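Each remark here refers to the structure printed beneath this line.
Only the coordinates and a few stated rules stand behind these numbers; no lab work does. Remember, it's a predicted structure, so these values are computed and weren't measured experimentally. Here the Cβ positions follow ideal geometry from the backbone for every residue, glycine too, while neighbour counts run over all protein chains shown.
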Amino acid sequence: MSEEGKLRMQLQCPMPKLDFEVITLGHGSGGVLTNKLLDSGVFDLLSNDILDERHDGATLDVKGKMAFSTDSFLVSPIFFPGGDIGELAVNGTVNDLAMCGAIPQHLSLSFIIEEGLPMKDFWEILVSIKFACEKAGVKVVTGDTKVVEKGKGDKIFINTSGIGELHPKATISAKRIQNGDQIILSGNMASHGMAIMSVREGLEFDSEIESDTTNLNHTINGLIDEFGDAIHCLTDPTRGGVATVLKEIAQTENLGIELSQAKIPIDNQVASACELLGLDPLYVANEGLFVAFVDEDKAEAVLSALRGDQNGTNAAIIGSVVEDHSKQVIMESAIGGKRVISMLPGEQLPRIC
């Protein structure tokens, strides 16, 4: 059994006996029901020395330069192949911090719950949050819970904010990208978005398409440990996909980028699902991938190290930064033609994260 599998088994926490089978407005009142919900769920399951203070905020010992990030999650459905909204909420903020070159440490966790959510669903989400925190090595240190009337929400929304200390060797900034930099994609693109869409559309394949949601902080920290300032910039291609984040960087930093379609990794079933639904995988959301702009002389070494990590087995160099066509992303197709890559013009996949 994998280490991840062992951790999941350890965290198969039995749900405590509660007075209600569903979330009621009373659970958001701040009174007896709120306290029962938090005592038997959040505080027991996510217990740590800071959260156990149960104060209005968290007092942290902050040293050196820190990174801070926040994100909200409203994915539908809340349970999907490969994960759920709880795991996604932790991983999303952990990864945003990692893209800054930070070592994630502390999270806040806030719920907006719709009246009527089954308690068993809330408990399963809490267990996933605990699993994701344990795997990433972070603590939930403060938070909030609100309940809205039935029909005024959609089951559950989650906000997480996080802080982390910058890695001492990290010098991550889009302004450090230079001509000749090689662009590395850490794995198969579009898996998360298509996992969500396959459930919504009732699509069936030979094997189930699963979300790639995972924490990337250990992978990133290892690369920075080894390669330091050879890693110029990191970004995670979530909403808008690979195409949008590259176009944003090209425009903002006045850079030219060239991509090779044949080198961009994608699972065959994911590619088939995209074709079936008329979606371009370059614009489909990812939740366990990152794009790295790396010094040309160190790119092959970075790629080799990344492929030795469980989060980078399918990593590939997909393009480079060039002097020509500033502010443009040009992709050479698998059959030799070229096309201009633009930003996602609208909402391709709503409620994806």
Excluding residues on the same chain fewer than 8 positions from K130, give the lysines whose Cα lies under 18 Å from its Cα. K6, K120, K139
Can you work out ³J(HN,Hα) from phi for every residue in the stretch 148-160, in order, using Karplus 6.51 cos²θ - 1.76 cosθ + 1.60 and θ = phi - 60°, giving whole Hz and x for Gly and Pro? 10, 4, 4, x, 9, x, 9, 6, 7, 10, 10, 10, 10
Calculated FRET efficiency, K120 and E323, Cβ-Cβ r, R0 56 Å, to nearest 0.05? 0.45
At 10 °C and 1.306 mPa s, what whole-number value in µm²/s does Stokes-Einstein give for the translational diffusion of the stretch 37-117, with Rh from the Kirkwood sum over Cα pairs? 107 µm²/s
Could you give the length gained by full extension between K263 and E53, i.e. 0.36 nm per residue of separation minus their alpha carbon distance, to one decimal place? 70.5 nm
Regarding the chain, what are the three Cα extents along the principal axes, ordered largest first, in Å? 65, 49, 39
Net charge over other residues, Cβ less than 12 angstrom from the Cβ of E149 (K, R count +1; D, E count -1): +1
So, over other residues within a Cβ distance under 11 Å of D44, counting Lys, Arg +1 and Asp, Glu -1, the net charge is -1
Once phi is turned into ³J(HN,Hα) by the Karplus curve 6.51 cos²θ - 1.76 cosθ + 1.60 with θ = phi - 60°, what whole-Hz value does each residue of the stretch 280-292 show in order, with x for glycine and proline? 8, x, 4, 9, 8, 5, 10, 10, x, 10, 9, 10, 10
Please go through the residue pairs K65/K169; K36/K152; K169/K247; K175/K327 and name each one whose alpha carbons sit more than 20 Å apart in this structure. K36/K152; K169/K247
Contour minus end-to-end for F68 and R176, with contour as 0.36 nm per residue of separation and end-to-end as the Cα-Cα distance? 36.8 nm
So, by mean Cβ neighbours within 10 angstrom, what's the order for 317-329, 230-242 with the highest one leading? 230-242, 317-329
Could you work out the relative contact order of the stretch 106-174? I mean the mean sequence separation of Cα pairs under 8 Å and 6+ apart, divided by the number of residues, in percent. 57 percent
Take the Cα pairs of the stretch 1-144, get the Kirkwood Rh, then feed it into Stokes-Einstein at 25 °C and 0.890 mPa s and tell me D in µm²/s. 151 µm²/s
Given a cut-off of under 8 Å on Cα pairs at least six residues apart, what relative contact order in percent is computed for the stretch 3-166? 37 percent
Under 12 Å from the Cα of K135 - aspartates and glutamates, other chains or at least 8 residues apart: E3, E4, E87
Would you pull out the residues with amide H under 5 Å of G256's amide H, same chain only if 5 or more places away, H placed 1.01 Å from N? V322, K327
If you count the DSSP beta bridges with both ends in the chain, what percent of them are antiparallel, to the nearest 5? 75 percent
Per-residue ellipticity at 222 nm attributable to helices in the chain (runs of n ≥ 4 DSSP H, -39500 (n - 2.57) apiece, nearest 500 deg cm²/dmol) works out to -8500 deg cm²/dmol
Scan around L166 for amide H atoms under 5 Å from its own, H built in the peptide plane at 1.01 Å from N, and keep only partners 5 or more places away or cross-chain. K65, M66, A67, I103
Over the chain, what is the mean sequence separation of C-alpha contacts under 8 Å (at least six apart), divided by residue count, expressed as relative contact order in percent? 21 percent
Using the Karplus equation 6.51 cos²θ - 1.76 cosθ + 1.60 (θ = phi - 60°), what ³J(HN,Hα) coupling, rounded to whole Hz, does each residue of the stretch 335-342 give in order, writing x for Gly and Pro? 9, x, x, 10, 9, 7, 9, 10
Label C13 and T252 with points 7 Å out from Cα along Cα→Cβ: what is the distance between them in nm? 3.6 nm
Using only the Cα atoms of the stretch 209-326, each taken as one equal point scatterer with no solvent, compute I(q) by the Debye sum, divide by I(0), and report log10 of the ratio at q = 0.13, 0.14, 0.22 Å⁻¹. -0.54, -0.62, -1.49
